[in-house]
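Below is one structure, written out as structure tokens; the observations come after it.
All of the numbers you see were taken from the coordinates with simple rules; none came from a lab. Predicted model only: the values in this text are computed from it and were never measured. Using ideal geometry, Cβ is built from the backbone for each residue, glycine included, and neighbour counts are taken over all protein chains shown.
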Amino acid sequence: MVTNGPSQTAAPAAPLGRPAFEPPLLLDRVAQEPDLSGTSRQDWADVIANDPLDMSAELDRARDAIDWLVALKLSKSATSIDANRLPNGPYVLVLDQPKSVDGAPPDTDMLEMLVFAQTELLNAQVAVLCCADGYFTSHADPRISLLPPESNLYALLESATAVYTHSAGFGADAIFAGHRPRVFGQPWYGGLGLSQDERPDPHATRRLTRAQLFHAAFMRATQWHAGETALEIEAVLARLETRERALREDASGYVASNILRWKHGFLKSYLGRGGITVTDAPEEIATEKARGRRHLVWGNDPAADLRLEDGFLRSRGLGAALVRPLSLVLDDIGIYFDPTRPSRLEQMIAERASLSPAQSRRIDTFLTRLRALNLSKYNVGTGVPPLPEGHRILVAGQVEDDASITLGAGEIASNRALLEAARAAHPQAVIVYKPHPDVEAGLRKGKLGDAEKRADVVAHEADPLALIEACDEVWTMTSLIGFEALLRDRPVTCTGAPFYAGWGLTTDLGKVPARRGAHPTLLGLAHAVLIDYPRYFDPKTGAPLSPEEALEYLSTAPQGRSRLTQALLAKLRQARAAFLGLS
């Protein structure tokens, strides 16, 4: 677990923490008496004394990590509770620290620091971020506000005029947030040109940048672990971001409706940390909402607080075959497949028209891994049939009663019409038709009996990614295959208005919403779709996964249900529909 940083000569303690419901994520091997036995990492003093810290690629990683850390507002406590008792007007932030650790400063030093803080600005307020077993437990001066330990450090740093510390570990966070703290002790981050040192160490002559400090402390002199697995700093931040999001979004709990019975178990496992009640009874829904829970509905119900659907990297196996999803999307504005109104995904795509260097590098690395692992939404299908020579156009079949068709297909709303449109536009091309896997499995509507007459090749049970690679372009109404083709640099023509159309990356034959006026790059689109919008989960345990963890999980996951099982499920669904008069 993370150790608290001692006050004088100690090496750094890792500044990152974890949401309260998670077990310890990381291991800091640097303590007051550094013990380097059995490790290949350098200790802090050795790094500062001997490491040039001049590798540009590593410093770029450090800058990215700092930006990520500050944007997430993650510190050692990693709380999601923002400080809501900030003083009115300018204030100086004073960082308390534990008084029971070895090397803790005397009371007089801490009180002296507080006095200096009161003189920093004329009529300035002083906010003290308290800590458990700290020095400041009460104060009579009305200009001094004592803030509880669970206050979010980065929310305080954003508004603070100046930061005062003796040797608190949070002083490093202040540096990473852009402050130059006034330091009254000799902490590990002091004496390096990044702080105002009241008692400088005469032997400290080296000067570092923020990136060098971070790289030295948290990429060279610290080991990060999840269980027995060693992690790089990017994986640590991704894990913490994911768990913090789960803590924040699930805290108030949910009341869920329109949920098929087989989904109850995994929903409670995935989203139940704050409590979840599954019911379709209006009275019970109203009661749960009155308790502060948000109403969650599977599908497209505008009246609900949140709409829930499978994510875009779902599973090895079909949802209609009752395979648990690896990812879900929860949308508080609309839902991604309904272009008739805005959605949270649309907003995220527009925001990603501008990416930071760190975001660009993250999604580029993610897509490189995605392509290398050859992963898609369902990861079903095997191989590619023999294809004639010529300009090949992949036409993506869909489930014809799917909501994305009824809401977003426009004038061309059937597989037959899509094939006819592609053929009319390219009479000499090789048309390769890929039926939807749910339709081929007999689980959903959309079978085209005369497909062989309308296409040159019908690619039954084929691998969609292999087909994309084998073809020169893709035509679709609203299929996710269009998005997967964009990720693999294939031109895409949309006759409808899927979520990825209308941003300048596709040829759009249908009507797309005028509000899609932003022009993200492919990396920006992918960041919104694969990192920002979905939430990923371990299907076995329900634990939140980072997008990167989800990729690795999916790459080794077993294949879903057999075709025999799928056929039996299809018969059961048909029998149920006939019994209920739905067929």
Legend entry - Ranking of Thr365, Thr229 by count of other Cβ atoms within 10 Å, fewest first: Thr229, Thr365
Inset, instruction - Using only alpha carbon pairs under 8 Å that are at least six residues apart, calculate the relative contact order of the range 447-546 and give it in whole percent. - result: 15 percent
Inset, instruction - List the lysines whose Cα lies under 17 Å from the Cα of Lys447, skipping any in the same chain that are fewer than 8 positions away. - result: Lys434, Lys571
Legend entry - Order of Tyr154, Tyr336 under a 10 Å beta carbon neighbour criterion, fewest first: Tyr154, Tyr336
Legend entry - Sequence-distant residues sharing a close amide H with Val255 (under 5 Å, placed H): Thr277, Arg294, His295, Leu296
Legend entry - For the range 228-273 and the range 390-463, distance of Cα centres in Å: 36 Å
Inset, instruction - Specify whether the C-alpha gyration tensor of the range 351-564 places it in the rounded, prolate or oblate class, a ≥ b ≥ c being the square roots of the eigenvalues: rounded for a/c under 1.5, otherwise prolate if a/b is larger than b/c and oblate if not. - result: oblate
Legend entry - Set of aspartates and glutamates with alpha-carbon distance to Lys263 below 15 Å, sequence-local pairs under 8 removed: Asp280, Glu309, Asp310, Asp538
Legend entry - Cβ-based exposure ranking for His203, His215, in which fewest neighbours within 10 Å come first: His203, His215
Legend entry - Per-peptide average of other Cβ atoms within 10 Å, ordering 189-196, 52-59, 416-423, 297-304 highest first: 189-196, 416-423, 297-304, 52-59
Legend entry - Net charge of neighbours whose Cβ lies under 12 Å from the Cβ of Thr165, counting Lys and Arg as +1 and Asp and Glu as -1: -3
